[in-house]
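One structure is given below, encoded as structure tokens.
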Amino acid sequence: MKLCFATRNTNKIKEIKAKLGDAFEIVSLEDIQCQEELPETTGTIEGNSAQKAQFVWEHYNINCFADDSGLEVTALAGAPGVDSAMYAGVHGDSEANIQLLLKNLQGISQREAQFKTVITLVLNGKTHQFEGTIAGSILEEKKGSEGFGYDPVFLPKGYPQTFAEMPLEEKNKISHRSLATEKLIQYLQSTL
Ligand code: ITT
């Protein structure tokens, strides 16, 4: 079965190809000659994930899935959430995003947070969603240099190291993204 993963992130494509095996041919946005920016205007992680997958299905008529992720901090009413990538204003400026997060949490002792990934699959026009979350807390300063985004300040619950102190293989065993991806893979394999 041919399936488009609605992303331009080549690492994400490689990872899913390795996990899915030969029964599925995974193609990227580039492969289907989709040059336009996918819409992400719903204001929620679930909504944006669905919006991207549905856009590709409607405009390119190919079965596809899309993901969207973010960090939700309880004391900040779920922020940065859907705005995680550009919390401080510039898309992907992790250092600025972390500094703003720490500033907004200054003096606040309730530090609970979760990472969330929602994958939306549109298969023959039907929409399915798969969610992965990991609970943890936000430290008062950065620790570790692995990973990306908010990893240096995210301490997963029950673990002694931040996501940025863990080797990538260890993070990948418990991460929100891996959990959602596992659910997607299980579902896809059940359709064979
Ligand atoms: P694409 O290239 O696929 O668009 P992205 O980084 O823009 O990746 P994601 O939806 O995967 O989009 O994640 C949104 C933001 O949430 C990301 O930029 C980070 O700031 C944060 N985030 C998500 N997963 C994370 C993780 O595992 N560790 C740290 N930060 C994460």
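Summary table below
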quantity	calculated
Förster-model FRET efficiency, 30 Å R0, Gln161 and Ala96, C-beta, rounded to 0.05	0.80
List Thr162, Thr74, ordered by accessible area with a 1.4 Å probe, largest first	Thr74, Thr162
All-pairs Cα distance distribution in region 56-103, expressed in whole percent, bin size 5 Å	5, 20, 22, 16, 9, 11, 9, 7, 2
Heavy-atom accessible surface of the chain: percent carbon and sulfur, 1.4 Å	48 percent
Integer Hz, Karplus 6.51/-1.76/1.60 couplings in order for region 118-132, x for Gly and Pro	10, 9, 10, 10, 10, 10, 6, x, 9, 9, 10, 10, 10, 10, x
Listed residues Glu140, Glu131 arranged by accessible area, highest first, probe 1.4 Å	Glu140, Glu131
Fluctuation leader among Pro152, Pro160, Pro39 - the chain, Gaussian network, Cα springs under 10 angstrom	Pro160
Whole-Hz ³J(HN,Hα) from phi, Karplus 6.51 cos²θ - 1.76 cosθ + 1.60, for region 183-192, glycine and proline x	5, 4, 5, 4, 5, 4, 5, 6, 8, 6
Amide H within-cut-off set for Ala135, under 5 Å, with H built and near neighbours excluded	Lys157
Residue-by-residue Karplus 3J(HN,Hα) for region 57-68, coefficients 6.51, -1.76, 1.60, Hz, glycine and proline x	4, 6, 8, 10, 6, 9, 4, 7, 9, 9, 10, 8
Mean accessible surface per residue for region 57-174, computed with a 1.4 Å probe while every protein chain stays in place, in Å²	50 Å²
The chain: calculated mean residue ellipticity at 222 nm from DSSP helix runs of at least 4, using -39500 (n - 2.57)	-9500 deg cm²/dmol
Qualifying trypsin sites (Lys or Arg not before Pro) in region 1-55, DSSP loop, other Cβ atoms within 10 Å at most 15	Arg8
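The values are calculated or read from the model by the stated rules, or taken from the named source; none is laboratory data. The model shown is predicted, which means the values in this text are computed figures rather than measured ones. Heads up, the Cβs are rebuilt from the backbone with ideal geometry, glycines too, and the neighbour counts pull from every protein chain shown. The area values use the complete protein model at the heavy-atom level, side chains included, leaving out ligands, DNA and RNA. Shrake-Rupley method; radii C 1.70, N 1.55, O 1.52, S 1.80 Å.
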